[in-house]
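The values are calculated or read from the model by the stated rules, or taken from the named source; none is laboratory data. Model, not experiment: these values are computed from the prediction. As a convention, Cβ positions derive from the backbone with ideal geometry for all residues, glycine included, and neighbour counts pool all protein chains shown. Surface areas here come from the heavy atoms of the whole protein model, side chains and all, with no ligands, DNA or RNA. Shrake-Rupley method; radii C 1.70, N 1.55, O 1.52, S 1.80 Å.
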Amino acid sequence: MKFFWPFIFVVIGVIISTIADIFLKESKFQNHSYIIIGILLYAVGALPVAAAFKLIDFSVVFFIWEAVAVICGLVLGILLFNENHSYLKFLAFGFAILALVFSYLASNSN
């Protein structure tokens with residue numbers, strides 16, 4: 001259970017940051033409203049991650065962040081932006097899942 005809430009906090013932070021990324025991508029650095037929304041979302045997304053830092057080690061938070069970000073990026077890139085999918089992207093997806101499993105194991109080994 002030590003891993004559950006920090007994991008949820010980091011996932012929320014990644015989702016908010018991913019939405020911020022989408023706003024910045026869609027802004028094409030010309031739509032100032034989208035740029036401001038993206039920056040504000042980044043700030044809001046940092047809050048749940050800060051809470052996770054209080055509960056588990058920095059390295060575990062970092063591994064969770066990176067793995068969930070890779071998964072979100074792959075899924076959204078394929079579904080939302082019609083990017084090509086390849087076996088290397090599926091391999092990256094699998095490694096990201098493994099990173100989450102190992103992060104869980106590392107957080108429970110203390």
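Among V101, V49, V68, which is the only one that is without any contact (Cβ under 8 Å) to a residue 12 or more places away in the chain, open to solvent by less than 80 Å² (accessible area, probe 1.4 Å) and within 23 Å of K2 (Cα to Cα)?
Numbers: V49 fails: without any contact (Cβ under 8 Å) to a residue 12 or more places away in the chain; V68 fails: without any contact (Cβ under 8 Å) to a residue 12 or more places away in the chain.
Just one listed residue meets the conditions, V101.
Sort out which residues of region 47-64 are within 11 Å of the chain's Cα centre (by Cα) and at pLDDT 95 or above, and write them in order of number.
Within region 47-64, the subset within 11 Å of the chain's Cα centre (by Cα) is 49, 61-64.
Listed by number, the list holds a single entry, V49.
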Within region 29-46, of all residues that are outside any helix (DSSP H, G or I) and exposed (fewer than 13 other Cβ atoms within 10 Å of the Cβ), the one farthest from the chain's Cα centre (by Cα) is Q30
So F7, is it of a type in the set (F, W, Y), part of a helix (DSSP H, G or I), under 20 Å from S109 (Cβ atoms) and open to solvent by less than 60 Å² (accessible area, probe 1.4 Å): yes
Within the bounds of region 21-28, is there any residue that is surrounded by 12 or more Cβ atoms within 10 Å (Cβ to Cβ), part of a helix (DSSP H, G or I), under 14 Å from the mean Cα position of the chain (by Cα) and not basic (K, R)? yes
